[in-house]
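Step one of this worksheet: look at the structure below.
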Amino acid sequence: MKLVKRSSVVLMSFILILVLALTGCSSSNKANQEASNANAAKETNASKEPATTDNDAKKLDPYEVVMVYPDAPQSDLASVQTAMNDYLKATYPELNMTVKLNPIDWGAWGDKTNLMMASNEKFDLFFTADWLGYNQQVLKGGLLPLDDLLAQYGPDIEAVEKDFHEPAKRSGKLYGIHTHQELGGSQGIYLDKALVDKYNMDLSALKSGKVEDLEPLLQTIKANEPDVTPLVAPSFPLEAYYSSGTLDMISSVAAINVLNTAPDNFEVVNLYETPRYRELADLTRRWFNAGYINKDALTPGLDAWKKIQAGKAFALVGDMDILANMEIGSVSKAPNASIKAGREIIQIPLNIDRLQTGKMTATMQTISKTSKDPARAMMLLNLFFKDQKLLTLFNFGIEGKHYVLKDGQIALPEGKTMNDVGFYHDIMWQIGNQMLNYTREGEDPNKYQNYEKFNEMVSSRPARNFGFIFDPEPVKNEIIAIDNANKAYVDGLKSGQLDPEENLPKLLAKQKAAGVDKVIAEAQKQLDAWREANGK
Amino acid sequence: MAAGNPSIAQERTSDIKTKRKSVLRQLLKHRALIILAIPGIIMLFINNYLPMFGIFLAFKDLNYTKGVWGSDWVGFQNFKFLFASNDAWMIIKHTILYNAVFLIINTTLAVLLAILLNEVRRKMLSKFFQSAAILPNFVSMVIVGYLVYGFLNPELGFINKSILEPMGKETIAWYAEPKYWPYILTIVNTWKTVGYSAIVYLAAIVGIDQEYYEAARIDGASKWKQMTSITVPLITPVIIILTLLAVGRIFNADFGLFYQATMASGMLKETTEVIDTYVYNALLVTGDTGLASSAGLLQSVVGFMLVITVNYVVKKISKENALF
Amino acid sequence: MKTNNRTNPLIILFLTLFSLSCLIPFWLVFMVSVTNEKDLTRHGYSFWPNHFDWEAYRYLLHDSANIARAYGVTITVTIIGVVVSLLITSAMAYSLSRTEFPYRNALGFYVFFTMLFSGGLLPWYLVYTRFLHVQDTLLALIIPGLIGGFNIFIIRTFFTNSIPPSLVESAKIDGASEYRTYFSIILPLSLPVMATIGLFTIVSYWNDWFTSLVFINNEKLYSLQYLLNKTLMNASFLQSIANKAYSNTANVTQPLESIRMAMAMVAIGPLVFVFPFLQKYFIKGLTVGAVKG
């Protein structure tokens, strides 16, 4: 009694053998070839390097540096690329390089870049971040270590970033260069100025930096404006406001509680177990029940700003615009927010970030293992840290065609909109020294000076574990299970839809069952080892 | 005759020779059929069999520099995450139960629908009904998610705003209450797929020889009797095929349905988490594609074993309708 | 006995209700696509908006050159793909349906195995880019969809059960080769199933965006669905990483809901006109009996 006929089995085996033979030959050959090509390239470069430093007259071979970065398609990309190449030829002829811009849509980014890396496609500069798979990319051998290249070809990078490389190192080697930009953010409240004025609201209580003090204001709105949501979400107190104000983050569940603990306390805890978490969860629940928070806050894609625009919201917890002289509790006009909302918005910071490890890996440039001339790629990256003209070409396009300068700020040419000018994007934060860029019309012209000042504030207060990187591999499966356990509760708790009294214990129990203790223990172990090694 | 050995050996070799000859003869005899099948064989080879070496990735720790062949073997490590969660069995249970319910409901309704559609005499009307029936299948799940949201939005959704509120009842936080979703998802899935299946059954019904019905009518059989004795039995082969194919995929959930239609709301997990959504989340959290490979392989193997079993049973009942 | 040429009104009622349940959501999609965005924020979806606003379509139209080109790509790919696919699929299904074919079961298994087991995205991608080198060509959009086990089995089942063996027998006796039997007898009688599978294949090619995502870098070769869905996918991707991402990335403006719905309309639209064409093959009455004798 054969379940499957013998001929089927014979056929299948024949096929499998054929498949193995075919693919085994071609891909291993290809892989070997690629590997040997890459090695050859590295060798020839290695032999070239001393030559160029010794003898300036010796020319570099022409090379095309391929830049891969996430962006919406720009119809005029080709002309900008040509302009960049002309500029490079005219200004840095000795580098003998051209640029090929290869932007990839956000929606396709994950799949496409994974495939590119896995199939050993050739490209050079590559944007990545910890939230875009940086760790896996390093682990799977897709990126090049940059320490030597940086030392030799990245003087302008080092001039601004040299203190901030630690977080991007993996196994002692550096794989990514952080964009020079603001070192952190600030969380606080945005308020609709018209409503604040209408009810003559007293905002001084918010100097405490505690979001609880918003309550009387919400109450006023709830009582008098039936059509307006007092606190519109998404963006909840239990998100960035909580984590930045209370914790030094280690992983998605492990952190150091810095609220009301001694500066030399390095105890790793479950961030869902801190007293502050419970406080804020109760607070959000109370506000939800009182009708202060909108019920559809958890809808994916919901844009709270649209509600503000439509005049249906009063307050929003969010990331503040970085202004000069930011202080907790200070009330100021929020220029960017006002543009987004189409009405006057004021902002009150409640918390200012400390310098966190994770922030340093939030926007990085890396070099792919498949690059045939990594030195050249690093040289190009270095240019983005010193050459404003190059940055302007990449970020804003060609003067006259894609932008005009008005009082030293970027503006759209007469009669054009962002949709039809041919080249318009906001990706300054992806590469180089962001501070060298022009600002846009409508932005604070001192934006980047503000950033520098703000950076001083942030870098003077580093997180206790700044520089420590947690390796999740030993507890990977537990992390997946914990994340799975979180899903059923976290969103509901942070939006006030679930009662913490009943559900927080359930969440903690589920996490325990998923192995959270193991993760915390592992994090503590790694943290202690790091402390020893670094004398902290 | 004790000296049997040599002659047996002789018989054996000549047996083998005739066997080889008869295989060749077979191939030649049916060369037309083989040639007709060759384009298909080649296409399947290129598109499906060549990539199959990737199944090994489930057992490897893929390293880009080492390539698919050079990467290290890690045994069943990639599979562990599937069972790390306490909810592993709940997730598997959901996947199978939902698929089983979908299969039963959709098949029944689709056959019914096909029979009814067949009864419509006026051509224009028939065309209209058929077009309407297939339309839901062509909409992507993302849009379906928005449509469901249009009905179930806790603040502005149709049901809360235009039905429950006017009636004075309490609005329901649809995306926070897991208990309604098995029904909601079943309705959505049926809405989307029943027309598609019905058309396939309809094509089969249309092919039934009218003479059977003539004879039945002359014998005085009622519509119902005609349906149960002629129509359903004669389209049973199609029902069997579609069911067999569905059984093979019983371990695979429709990701779009469980992820997009629920707006990926975590609070509904209790009743809507399936293998595919769990794997997707694991992928988001770790970025490790080896996990997806291992889960896919597991789903394939389970489905495969189920189909072999069911196919065997089908073979016993009606040989030519089995898949193989 | 009087033949009844009127359909049972209950049946008509039921089918009407059913059709309405299928169509009403589309009506909603269309209505949302022409609703003013502010109204959507204030009042949600409604079946008849307060203010009509064609902004969404205007927005899509300003990209009309790209959309027109994408239509061209998709139509070309669909037509070629469907024709070739039907030929290959039905030819193989025919071989599978002939009971005297000794390799029938082995071949059936060969086909079925592909429906359950897959090597995964990366190897599939490697085959098409490293082995066949079809990236950035139309072939990359056509070849992957040419054959599928589901279609093969449906057509095979139809051949086995709806074509009377007596017909094939008599053709054989008349000395017809397998090819002739296939082309002149089987195919013409299989119009219902060919139309069905043809329709499914059309829809499958029409809705495909994944091959464009993976294989195509040249914008001139994007399929219609990929072009339309790009904005949606960009937005949903950014949404899924919103908590972890650098806060500025979330500043990318979300497409208006009306635009998402308009995209859906533009994508499905043409298909609605294809159905009536194929429907004449479903009409009751097209039977084998007419050919008999």
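For the stretch B:168-176, the condition of being within 9 Å of another protein chain (Cβ to nearest Cβ) and part of a helix (DSSP H, G or I) holds for at least one residue. The test for being without any contact (Cβ under 8 Å) to a residue 12 or more places away in the chain and polar (S, T, N, Q) holds for A:Thr417. Those strands (runs of 3 or more DSSP E) of the stretch A:224-306 in which 1 or more residues are under 25 Å from B:Tyr175 (Cα atoms) occupy A:229-232. Scanning the stretch A:282-330 for residues that are under 17 Å from B:Met267 (Cβ atoms) and β-branched (Val, Ile, Thr) returns A:Thr284, A:Ile293, A:Thr299. In summary, C:Leu141 fulfils each of the numbered conditions (1) more than 9 Å from every other protein chain (Cβ to nearest Cβ); (2) surrounded by fewer than 20 Cβ atoms within 10 Å (Cβ to Cβ); (3) closer than 30 Å to B:Tyr64 by Cβ with the single exception of condition (2).
Can we say B:Val314 is part of a helix (DSSP H, G or I), modelled with pLDDT under 90 and either buried (at least 19 other Cβ atoms within 10 Å of the Cβ) or under 19 Å from the mean Cα position of the chain (by Cα) (or both)?
Yes; evaluated as a whole, the condition is true for this residue.
From the list B:Lys319, B:Lys315, B:Lys225, the lone residue that is among the basic types (Lys, Arg), more than 10 Å from chain C (Cβ to nearest Cβ) and out of contact with any Leu (no Cβ under 8 Å at 6 or more places or on another chain) is B:Lys225.
Does A:Phe123 count as in contact with a Pro (Cβ under 7 Å, 6 or more places away or on another chain), more than 24 Å from A:Met326 (Cα to Cα) and among the hydrophobic types (A, V, I, L, M, F, W, C)? When the stated conditions are applied, A:Phe123 does not pass them. Restricting to the stretch B:256-279, give me the number of residues that are at pLDDT below 90, surrounded by fewer than 20 Cβ atoms within 10 Å (Cβ to Cβ) and more than 8 Å from every other protein chain (Cβ to nearest Cβ). Qualifying residue count, the stretch B:256-279: 1. Which of the residues spanning the stretch B:36-54 are farther than 12 Å from C:Thr114 by Cα, among the hydrophobic types (A, V, I, L, M, F, W, C) and modelled with pLDDT of 90 or more? B:Leu36, B:Ala37, B:Ile38, B:Ile42 - these are the residues of the stretch B:36-54 that are farther than 12 Å from C:Thr114 by Cα, among the hydrophobic types (A, V, I, L, M, F, W, C) and modelled with pLDDT of 90 or more. Here B:Asn189 fulfils each of the conditions (1) surrounded by 21 or more Cβ atoms within 10 Å (Cβ to Cβ); (2) at pLDDT below 90 apart from (2).
Counting the residues of the stretch A:446-505 that are assigned to a helix (DSSP H, G or I), among the aliphatic types (A, V, I, L, M) and in the same structural domain as A:Gly133 (by TED's automatic domain parsing) gives 2.
Is one or more of the residues making up the stretch A:399-421 under 17 Å from A:Thr91 (Cα atoms), out of contact with any Cys (no Cβ under 7 Å at 6 or more places or on another chain) and surrounded by 17 or more Cβ atoms within 10 Å (Cβ to Cβ)? Looking through the stretch A:399-421, none of the residues is under 17 Å from A:Thr91 (Cα atoms), out of contact with any Cys (no Cβ under 7 Å at 6 or more places or on another chain) and surrounded by 17 or more Cβ atoms within 10 Å (Cβ to Cβ). Return yes or no: is A:Pro145 assigned to a loop (DSSP other than H, G, I, E, B) and assigned by TED's automatic domain parsing to the domain that holds A:Arg464? So A:Pro145 fits the description; yes.
For (1) within 7 Å of chain B (Cβ to nearest Cβ); (2) at pLDDT 90 or above; (3) more than 22 Å from the chain's Cα centre (by Cα); (4) in a helix (DSSP H, G or I), each residue gets a yes or a no:
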| position | (1), (2), (3), (4) |
| --- | --- |
| C:Arg58 | no, no, yes, yes |
| C:Tyr71 | no, yes, no, yes |
| C:Val77 | no, yes, no, yes |
| C:Ile80 | no, yes, no, yes |
| C:Val83 | no, yes, no, yes |
| C:Ser90 | no, yes, no, yes |
| C:Tyr94 | yes, yes, yes, yes |
| C:Ala106 | no, yes, yes, yes |
| C:Gly119 | yes, no, yes, no |
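Check C:Thr99 against each of (1) buried (at least 19 other Cβ atoms within 10 Å of the Cβ); (2) among the β-branched types (Val, Ile, Thr); (3) over 25 Å from the mean Cα position of the chain (by Cα) and name the one condition it does not meet. Checking C:Thr99 against (1) buried (at least 19 other Cβ atoms within 10 Å of the Cβ); (2) among the β-branched types (Val, Ile, Thr); (3) over 25 Å from the mean Cα position of the chain (by Cα), the one that fails is (1). State all residues of the stretch C:32-54 that are touching a residue at least 60 places away in the same chain (Cβ under 8 Å) and facing chain B (nearest Cβ under 8 Å); if no residue qualifies, say none. Once the filter is applied, which keeps residues that are touching a residue at least 60 places away in the same chain (Cβ under 8 Å) and facing chain B (nearest Cβ under 8 Å), the stretch C:32-54 yields only C:Val32. Residues of the stretch B:113-133 that are modelled with pLDDT under 85 and within 18 Å of C:Ile197 (Cβ to Cβ): B:Ser131 alone. Taken together, the residues in the stretch C:110-157 that are more than 30 Å from B:Tyr201 (Cβ to Cβ) and either of a type in the set (A, V, I, L, M) or not assigned by TED's automatic domain parsing to the domain that holds C:Pro192 (or both) amount to 11.
Residues considered: C:Val29, C:Val83. Of these, the only one that is buried (at least 18 other Cβ atoms within 10 Å of the Cβ) and either free of Cβ contacts under 8 Å to residues at least 40 places away in the same chain or not acidic (Asp, Glu) (or both) is C:Val29. Within the stretch B:15-60, being touching a Ser or Thr at 6+ places or on another chain (Cβ under 6 Å) and either loosely packed, with under 14 Cβ neighbours inside 10 Å or more than 7 Å from chain C (Cβ to nearest Cβ) (or both) holds for B:Ala58, B:Lys60.
Residues of the stretch B:147-157 that are within 18 Å of B:Tyr180 (Cα to Cα) and either more than 7 Å from chain C (Cβ to nearest Cβ) or assigned to a loop (DSSP other than H, G, I, E, B) (or both): B:Val148, B:Tyr149, B:Phe151, B:Leu152, B:Asn153, B:Pro154, B:Glu155, B:Gly157. So, A:Gly467, is that one small (Gly, Ala, Ser), more than 30 Å from A:Leu405 (Cβ to Cβ), over 26 Å from the mean Cα position of the chain (by Cα) and surrounded by 16 or more Cβ atoms within 10 Å (Cβ to Cβ) or not? No.
So, of the residues in the stretch A:71-123 that are in a helix (DSSP H, G or I) and aromatic (Phe, Trp, Tyr), which turns out to be farthest from the other protein chains (Cβ to nearest Cβ)?
Going through the qualifying residues, I end up with A:Tyr87.
Within the stretch C:38-47, identify whether any single residue is buried (at least 16 other Cβ atoms within 10 Å of the Cβ), among the β-branched types (Val, Ile, Thr), modelled with pLDDT under 85 and more than 16 Å from C:Lys220 (Cα to Cα), and answer yes or no. Yes, the stretch C:38-47 contains a residue that is buried (at least 16 other Cβ atoms within 10 Å of the Cβ), among the β-branched types (Val, Ile, Thr), modelled with pLDDT under 85 and more than 16 Å from C:Lys220 (Cα to Cα). If we keep just the residues of the stretch B:112-121 that are more than 14 Å from B:Gln226 (Cβ to Cβ) and either touching a helix residue (DSSP H, G or I) at 6+ places or on another chain (Cβ under 6 Å) or facing another protein chain (nearest Cβ under 7 Å) (or both), which is surrounded by the fewest Cβ atoms within 10 Å (Cβ to Cβ)? If we take residues in the stretch B:112-121 being more than 14 Å from B:Gln226 (Cβ to Cβ) and either touching a helix residue (DSSP H, G or I) at 6+ places or on another chain (Cβ under 6 Å) or facing another protein chain (nearest Cβ under 7 Å) (or both), then B:Arg121 is surrounded by the fewest Cβ atoms within 10 Å (Cβ to Cβ). If you filter the stretch B:73-101 down to residues that are among the aromatic types (Phe, Trp, Tyr) and buried (at least 21 other Cβ atoms within 10 Å of the Cβ), you find that the one that is farthest from the chain's Cα centre (by Cα) is B:Phe81.
The values are calculated or read from the model by the stated rules, or taken from the named source; none is laboratory data. If you're wondering where the values come from, they're calculated on a predicted model, not measured in any experiment. Here the Cβ is made from the backbone with ideal geometry for all residues, glycine too, and neighbour counts use every protein chain on show.
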